[in-house]
Amino acid sequence: MLARVANNLFWMGRYIERSEHIARYLNVNYFSSLDAPNIKSQDRQFVLRSMLFMVGDPEKDESKLLKEEDIIYQIGLNPVYHFSILNNVKLARENANSARDLISTELYEAINKFYHFVLNYPKEIFVKNGLHDFTTHVAEMTAILRGKIRGTLLHDETYAIILMGVNIERATQITRMINAKYNDALMAQGIYEDKFSKSFEWTTLLKCAESYDMMRRFYKKTPTSISTLEFLILNPNCPRSVMNALNQVNEHIKILNPEKRYNKDSTAFLIGRIRAEYEYKYVEEIENDIKAFIENILDSLVEISNKVDEEFFNY
């Protein structure tokens, strides 16, 4: 296939995954804050700043009073805001249009339906009382899209490129969520004797990643900073973990680059090296400097994405 078309498929997968994670973060943060155990986590300004921090547009002016309806609209349906869910879905559809001949009719129709749902959702309803309905629908529709990708496409190069985009984006968004909640946990500590390691924000983080129930089943105890980070970063059996995403990317790169010979300049080599680094990482190493570890993961994922672009899309 053309390198340009391959790039469209890759970013279609990324934008689909990104829209879901932003929607879940909005939903869980907003509604979890209503019955949070401390005043800080209930504070509306605290919640809105966390939302902006997660999407990559933090509000640096601490004295500025954020308006709830404005922030929710901005992240959800603002057509000119680069980070909005609407823009992500629009870009996913544009990339699908450019690769129309390589994807199934069922997948394309599902993407089109998704786009028109988001585009036509009434702004007035969304900012007043539609946040739960809208974000739930976005999460469900992205799950349908992943089902269409797995269930209607040939499991060949097209499939591998899309799933590489999905999993690189999943690892990136989970890490961004971790970064945002780490920041929130730092700011919320000390309220009602809450300690950083046992902050309510870790429970919120797991719910944002749809991993709370399975984490409780795995550890059989209340989430702490270390058990949460271990589960969402290092556990290969957690479908939302960074490690699981890297394993998936490693499998799909083999379809695109089946060469067995040693080549340290290849994308496959880079993915394998980064994957091996986290596969044998101790959670205690994360605890020593969580912030640096998060930044290291994000840098590694950017490096992988750039390498994929350089090897497969730039011709």
Exercise for the section: Identify, from the list 87, 95, the residue that is out of contact with any helix residue (DSSP H, G or I) (no Cβ under 8 Å at 6 or more places or on another chain), closer than 30 Å to residue 249 by Cα, among the polar types (S, T, N, Q) and open to solvent by less than 50 Å² (accessible area, probe 1.4 Å). Expected result: 87
Problem - Residue within region 106-116 that is surrounded by 15 or more Cβ atoms within 10 Å (Cβ to Cβ) and outside any helix (DSSP H, G or I) present - result: no
Handout entry: Boolean, residue 125 is out of contact with any strand residue (DSSP E or B) (no Cβ under 8 Å at 6 or more places or on another chain), farther than 30 Å from residue 153 by Cα and open to solvent by less than 20 Å² (accessible area, probe 1.4 Å)
Key = no
Completion exercise
Residue count, region 229-283, condition over 20 Å from the mean Cα position of the chain (by Cα) and of a type in the set (Gly, Ala, Ser), comes to 4
Handout entry: Which numbered condition residue 154 misses (of (1) of a type in the set (A, V, I, L, M, F, W, C); (2) over 29 Å from residue 6 (Cβ atoms); (3) in a loop (DSSP other than H, G, I, E, B))
Key = (2)
Handout entry: Leading residue by the ranking (modelled with the highest pLDDT) among those in region 188-214 that are within 12 Å of residue 225 (Cα to Cα), charged (D, E, K, R) and part of a helix (DSSP H, G or I)
Key = 201
Practice task
Output yes when any residue across region 241-264 is farther than 24 Å from residue 312 by Cβ and buried (at least 20 other Cβ atoms within 10 Å of the Cβ), and no when none is.
Solution key: yes
Fill in the blank from the handout: Going through (1) modelled with pLDDT of 95 or more; (2) among the hydrophobic types (A, V, I, L, M, F, W, C); (3) under 18 Å from the mean Cα position of the chain (by Cα) one by one, residue 83 fails only at (1)
Completion exercise
Restricting region 35-64 to residues that are hydroxyl-bearing (Ser, Thr, Tyr) and more than 23 Å from residue 82 (Cα to Cα), the one surrounded by the fewest Cβ atoms within 10 Å (Cβ to Cβ) turns out to be 63
Practice task
Just give me the residues in region 194-215 being exposed (fewer than 15 other Cβ atoms within 10 Å of the Cβ) and basic (Lys, Arg), in sequence order.
Solution key: 195
Problem - Every pair of residues 6+ apart whose Cβ atoms lie under 9 Å, when the first sits in region 144-155 and is among the β-branched types (Val, Ile, Thr) while the second is not in a helix (DSSP H, G or I) - result: 149/103; 149/104; 152/103; 152/104
Exercise for the section: Determine if region 228-239 includes at least one residue that is closer than 30 Å to residue 42 by Cβ, open to solvent by 10 Å² or more (accessible area, probe 1.4 Å), of a type in the set (A, V, I, L, M) and in a helix (DSSP H, G or I). Expected result: no
Practice task
Evaluate the following for residue 269: is it of a type outside the set (Lys, Arg) and more than 21 Å from residue 302 (Cα to Cα)?
Solution key: no
Problem - Selected residue (only one of 294, 286, 255, 290 is more than 30 Å from residue 202 (Cβ to Cβ) and touching a residue at least 40 places away in the same chain (Cβ under 8 Å)) - result: 255
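Any chance region 158-172 includes a residue that's out of contact with any Pro (no Cβ under 6 Å at 6 or more places or on another chain), open to solvent by 50 Å² or more (accessible area, probe 1.4 Å) and assigned to a helix (DSSP H, G or I)?
Here is the first cut: in region 158-172, the ones out of contact with any Pro (no Cβ under 6 Å at 6 or more places or on another chain) are 158-172.
So of that shortlist, the ones also open to solvent by 50 Å² or more (accessible area, probe 1.4 Å) come out as none.
For region 158-172, residues out of contact with any Pro (no Cβ under 6 Å at 6 or more places or on another chain), open to solvent by 50 Å² or more (accessible area, probe 1.4 Å) and assigned to a helix (DSSP H, G or I): absent.
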Problem - Residue check for residue 312: touching a residue at least 60 places away in the same chain (Cβ under 8 Å), surrounded by fewer than 21 Cβ atoms within 10 Å (Cβ to Cβ) and of a type in the set (Phe, Trp, Tyr) - result: yes
Practice task
Could you pull out the residue among 104, 63 that is over 18 Å from the mean Cα position of the chain (by Cα), small (Gly, Ala, Ser) and modelled with pLDDT under 90?
Solution key: 63
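The values are calculated or read from the model by the stated rules, or taken from the named source; none is laboratory data. Note that the structure is a prediction, hence the values are computed from the model and not measured. Quick reminder, even Gly has a Cβ in these numbers, built from the backbone with ideal geometry, and neighbours come from all protein chains shown. The protein model used for the area step is the full one, side chains on, heavy atoms only, and it has no ligands, DNA or RNA in it. Shrake-Rupley method; radii C 1.70, N 1.55, O 1.52, S 1.80 Å.
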